[in-house]
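Shown next, in structure tokens, is the structure this report addresses.
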Amino acid sequence: MTENKKIPTIEFAPGCFDNFEGTQEELDTLIKEIKEMFEGKTKEEIESMSNVVDLEELAMDESVSDEEFERIANIIFEDPSQRKLQ
């Protein structure tokens, strides 16, 4: 029996790159790299590529600013139903 696994699609919400600081060429390259990274992969394959974020360790990391830490923590604790990326 063949197992049919749904392949996720990558959709960028309008405005998700509004704060991107770079040229249009750099943005196009970034979008292409993101799509290639996940293209054709199942949910399980994508999950296997992920890393666990330890907030305590991240808070102690001197290379991460307070603003960046707050942004990351907000992303982690936000309501997934409110996310625009799918």
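Can you name every residue in the stretch 4-40 that is of a type in the set (D, E, K, R) and within 15 Å of the chain's Cα centre (by Cα)?
Keep residues of the stretch 4-40 that are of a type in the set (D, E, K, R), which gives 5-6, 11, 18, 21, 25-26, 28, 32-33, 35-36, 39.
If the condition is that a residue be of a type in the set (D, E, K, R) and within 15 Å of the chain's Cα centre (by Cα), then 11, 32, 33, 35, 36, 39 are the ones that fit.
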Exception for residue 32 within (1) in a helix (DSSP H, G or I); (2) closer than 20 Å to residue 76 by Cα falls at (2)
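Can you tell me which of 68, 57, 62 is loosely packed, with under 11 Cβ neighbours inside 10 Å, of a type in the set (D, E, K, R) and either on the phi > 0 side of the Ramachandran plot or in a helix (DSSP H, G or I) (or both)? First the steps, then the outcome.
Values: 68 fails: loosely packed, with under 11 Cβ neighbours inside 10 Å; 62 fails: either on the phi > 0 side of the Ramachandran plot or in a helix (DSSP H, G or I) (or both).
Of the residues listed, the single one that is loosely packed, with under 11 Cβ neighbours inside 10 Å, of a type in the set (D, E, K, R) and either on the phi > 0 side of the Ramachandran plot or in a helix (DSSP H, G or I) (or both) is 57.
Of the residues 29, 42, 23, which is among the hydroxyl-bearing types (Ser, Thr, Tyr), surrounded by 10 or more Cβ atoms within 10 Å (Cβ to Cβ) and at pLDDT 90 or above?
Going through 29, 42, 23 in turn, just one is among the hydroxyl-bearing types (Ser, Thr, Tyr), surrounded by 10 or more Cβ atoms within 10 Å (Cβ to Cβ) and at pLDDT 90 or above: 29.
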All-but-one check, residue 7 against (1) touching a Ser or Thr at 6+ places or on another chain (Cβ under 7 Å); (2) in a helix (DSSP H, G or I), failing number (2)
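The values are calculated or read from the model by the stated rules, or taken from the named source; none is laboratory data. Being a predicted model, the structure only gives us computed values, none of them experimental. Backbone-built Cβ (ideal geometry, glycine too); neighbour counts: all protein chains shown.
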